[in-house]
Amino acid sequence: MYSCKHATTLMSKKLETRLSFREWVWLYTHLALCANCRRCYRQFKLLDKANKSRRAFMQNIAASQASHITPKS
């Protein structure tokens, strides 16, 4: 079970930054062997994509609201 905990740590790290070659090889070897971690990784990626889409949407709303504000003279 320790290896699955390590795998989830690396999955999370991979979404934030680049993994070292050694980490990358370890993670993908583990994913090739562990169906539960493959499922978890797909869910991590889906959540990350949804979060990035939401962040972009909120930034677009903020930008459009800022463009409608005019300074008072």
- Message: What does the net charge come to around S20 if you take all other residues with beta carbon closer than 13 Å to its beta carbon, with K and R at +1 and D and E at -1?
- Response: +3
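Arranged from highest to lowest average of other beta-carbon atoms within 10 Å per residue, in what order do the peptides 58-64, 14-20 appear?
So the peptides 58-64, 14-20, ranked by packing, come out 14-20, 58-64.
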- Message: Starting from 0.36 nm per residue, how many nanometres of slack lie between S67 and Y28 once their C-alpha separation is accounted for?
- Response: 9.5 nm
- Message: Within 14 Å, Cβ to Cβ, of R38, how many net charges do the neighbouring residues add up to if Lys/Arg are +1 and Asp/Glu are -1?
- Response: +4
- Item | Solvent exposure of the chain as accessible area per residue, Å², 1.4 Å probe | 85 Å²
- Taking the Cβ of C4 as the center, what net charge do the other residues with Cβ under 14 Å away carry, scoring Lys and Arg +1 and Asp and Glu -1? +3
- Item | By accessible area with a 1.4 Å probe, ligands and nucleic acids excluded, highest first: order of K45, K13 | K45, K13
- Estimated 222 nm signal from helices in the chain, with DSSP H stretches of n ≥ 4 weighted -39500 (n - 2.57), rounded to 500: -29500 deg cm²/dmol
- Query: For helix 35-68, what angle does its Cα long axis make with the longest principal axis of the chain, in degrees from 0 to 90 and rounded to 10?
  - Reply: 10 degrees
- Got a number for carbon plus sulfur as a percent of the stretch 4-73's accessible area, 1.4 Å probe? 58 percent
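The values are calculated or read from the model by the stated rules, or taken from the named source; none is laboratory data. Since this is a predicted model, take the numbers as computed values, not measurements. Glycine gets a Cβ as well: all are built from the backbone with ideal geometry, and neighbour counts include every protein chain shown. These accessible areas exclude ligands, DNA and RNA; they are computed on the full protein's heavy atoms, side chains included. Shrake-Rupley method; radii C 1.70, N 1.55, O 1.52, S 1.80 Å.
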